[in-house]
Amino acid sequence: MQEHAEGAVSLEISGGIARLTLDQPRRLNAMTLAMWRSIPALVDRAVQAADVRVLLLRGAGDRAFSAGADISEFATVRADAAQAAVYEEAVSAATDALVQAPVPTVAAVRGVCYGGGLELALCCDLRLGDDTARFRMPGARLGLGYAFPLVQLIVQRVGATAAADLLFSARVLSAADAMGLGILQRVEPAASFDNAMEAYLGGIAANAPLTLRAAKRAMLEAVRTDGQPNIAAVDALVARCFASRDYAEGRAAFAQKREPDFRGE
């Protein structure tokens with residue numbers, strides 16, 4: 001399954017992996033309003049596919065993950081307070097869709113990852129980068145304010161001290177800097193990044209999908225801020241794991257010293 005157009009977000013599903021690509025390479029994959037608006041439906045389509053076990057978010061080309069919001073269209077889509085409110089609703093819907101995705105999510109970062117691009121990367125469970133990756137939250141150099149949900153997300157992902165560094169300094173971080181602050185979990189040389197990424201994603205996709213979804217739901221419940229965690233929902237998913245054909249297959253494969261064949265059932 002594939003949908004593709006420049007200046008859009010494309011979706012491709014194969015081998016248990018859903019690949020969402022931010023596709024506007026001539027503008028360093030800057031996000032237009034239409035691109036923000038397209039993400040929730042694409043994420044939903046991806047996670048509803050029976051064979052999807054992990055979702056990858058990446059930028060088109062090798063120069064950027066995303067430079068953030070496409071400022072060139074602000075005069076027409078974010079010119080006043082009313083338009084700004086509509087724009088922020090679209091951004092919030094996109095980021096919520098990624099954060100709440102019921103499968104593991106991974107951001108693959110090459111090159112520039114600034115502002116809204118970094119926000120999108122932080123929405124993912126894991127962030128892997130090549131050694132060209134660069135990160136920045138430039139608001140303190142622009143005089144703009146970051147809304148509470150974004151600051152809360154940054155603190156949840158990297159901790160208060162690293163969040164303070166990002167937000168107060170507005171400095172450009174190298175891939176090594178990002179590793180030190182917990183933004184990246186792994187860095188690979190640019191030449192070997194694609195192969196390393198595919199191997200990592202393949203490893204996740206080969207694991208038991210019911211287990212992945214149960215773990216992801218538990219992680220989401222663990223950081224809830226809108227009430228008590230729904231432990232019963234997690235328990236139900238865990239019980240489904242133990243009642244599954246995959247659990248029997250996993251034990252048999254372990255005993256027979258072979259690779260398991262998980263089917264999500």
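Determine whether R213 is among the charged types (D, E, K, R) and more than 21 Å from V99 (Cα to Cα).
no
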note = Scanning the stretch 69-113 residue by residue, those of a type in the set (D, E, K, R) and either crowded, with 22+ Cβ neighbours inside 10 Å or modelled with pLDDT under 95 (or both) turn out to be D70, E73, R78, D80, E88, E89, R110
query = Are there any strands (runs of 3 or more DSSP E) wholly within the stretch 1-109 with 2 or more residues that are over 25 Å from A147 (Cα atoms), and if so which?
reply = 8-14, 17-23, 54-59
task = Mind telling me which of the residues A236, A255 ends up being surrounded by 11 or more Cβ atoms within 10 Å (Cβ to Cβ) and either assigned to a loop (DSSP other than H, G, I, E, B) or of a type in the set (A, V, I, L, M) (or both)?
result = A236
Of the criteria (1) closer than 24 Å to G61 by Cβ; (2) of a type in the set (G, A, S); (3) out of contact with any strand residue (DSSP E or B) (no Cβ under 9 Å at 6 or more places or on another chain), which one S92 fails = (1)
query = Being among the aliphatic types (A, V, I, L, M) and more than 24 Å from A170 (Cα to Cα), is that true of even one residue in the stretch 109-117?
reply = no
note = Among A140, A162, the single one that is surrounded by 14 or more Cβ atoms within 10 Å (Cβ to Cβ) and without any contact (Cβ under 8 Å) to a residue 24 or more places away in the chain is A162
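Residue check: is F262 among the aromatic types (F, W, Y), surrounded by 12 or more Cβ atoms within 10 Å (Cβ to Cβ) and not in a helix (DSSP H, G or I)?
yes
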ask   = How many residues, within the stretch 7-20, are buried (at least 19 other Cβ atoms within 10 Å of the Cβ) and either more than 22 Å from E88 (Cβ to Cβ) or hydroxyl-bearing (S, T, Y) (or both)?
value = 5
key: Failed criterion for K216 (all others in (1) modelled with pLDDT of 95 or more; (2) more than 25 Å from G250 (Cα to Cα); (3) out of contact with any strand residue (DSSP E or B) (no Cβ under 8 Å at 6 or more places or on another chain) hold)   = (2)
query = Among the residues of the stretch 171-225, how many are charged (D, E, K, R), outside the structural domain of L20 (by TED's automatic domain parsing) and either assigned to a helix (DSSP H, G or I) or crowded, with 17+ Cβ neighbours inside 10 Å (or both)?
reply = 4
task = Six or more apart or on different chains, Cβ under 6 Å: which pairs go from a residue in the stretch 236-265 that's assigned by TED's automatic domain parsing to the domain that holds A218 to one that's of a type in the set (K, R)? Could you list them?
result = L237/R217
query = In the stretch 91-99, is there at least one residue being under 21 Å from V187 (Cα atoms) and among the charged types (D, E, K, R)?
reply = no
inquiry  = If I filter the stretch 235-249 for residues that are under 29 Å from V155 (Cβ atoms) and more than 23 Å from the chain's Cα centre (by Cα), do I get at least one hit?
reply    = yes
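The values are calculated or read from the model by the stated rules, or taken from the named source; none is laboratory data. Quick caveat: nothing in here was measured; it's all calculated off a predicted structure. Glycine also receives a Cβ, built like all others from the backbone with ideal geometry; neighbour counts cover every protein chain displayed.
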